[in-house]
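> Please find one structure pasted underneath; my questions will follow.
The values are calculated or read from the model by the stated rules, or taken from the named source; none is laboratory data. Just so you know, these numbers come straight off a predicted model, no measurement behind them. FYI the Cβ positions are ideal-geometry reconstructions off the backbone, even for glycines, and counts take in every protein chain you see.
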């Protein structure tokens, strides 16, 4: 068993598998909770959000009044949140390939708040990580051949001398 983890490939495979499992756990949690971390960045507030099987990065202008990092979690089963594009006032929304990779700008005219947001589904990160980890863990390296040019030359020289 100890020899199974010799080399960097299988160790990297285990690390990517752990990352994929963590993303899967976040993916499942996003169906029940909206987790959000926000932090100030210049004149804006940047945030990372996890909701409805998607990971979102965004920036809100103008900034919140807070100058510290905040973490919030909302239980989605207690509030009425719909998962349709029509439920928000998106002025620009692009969907790439129909797979819910989205970017858009949400504008609230009354409060003059503008939110730029980029969204990617969890599966598009977790599935490639899982496949990469499977490749790194299961892949069998080729048997090492004699790559020493001096010994190869001596072998040929001995045959030639006979």
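> For the range 29-41, indicate whether the set of residues that are more than 17 Å from residue 136 (Cβ to Cβ) and out of contact with any strand residue (DSSP E or B) (no Cβ under 8 Å at 6 or more places or on another chain) is non-empty.
Looking for residues that are more than 17 Å from residue 136 (Cβ to Cβ) and out of contact with any strand residue (DSSP E or B) (no Cβ under 8 Å at 6 or more places or on another chain), one finds at least one in the range 29-41, hence yes.
> Moving on. If I ask for residues that are part of a helix (DSSP H, G or I) and closer than 13 Å to residue 125 by Cβ, which ones from the range 26-55 would you list?
Those that are part of a helix (DSSP H, G or I) and closer than 13 Å to residue 125 by Cβ: 26, 27.
> Still on this model: Only one of (1) surrounded by 13 or more Cβ atoms within 10 Å (Cβ to Cβ); (2) in the same structural domain as residue 143 (by TED's automatic domain parsing); (3) at pLDDT below 85 is not met by residue 13, so which one is it?
Here residue 13 clears every test but (3).
> Does residue 105 qualify as being modelled with pLDDT of 70 or more and within 18 Å of the chain's Cα centre (by Cα)?
no
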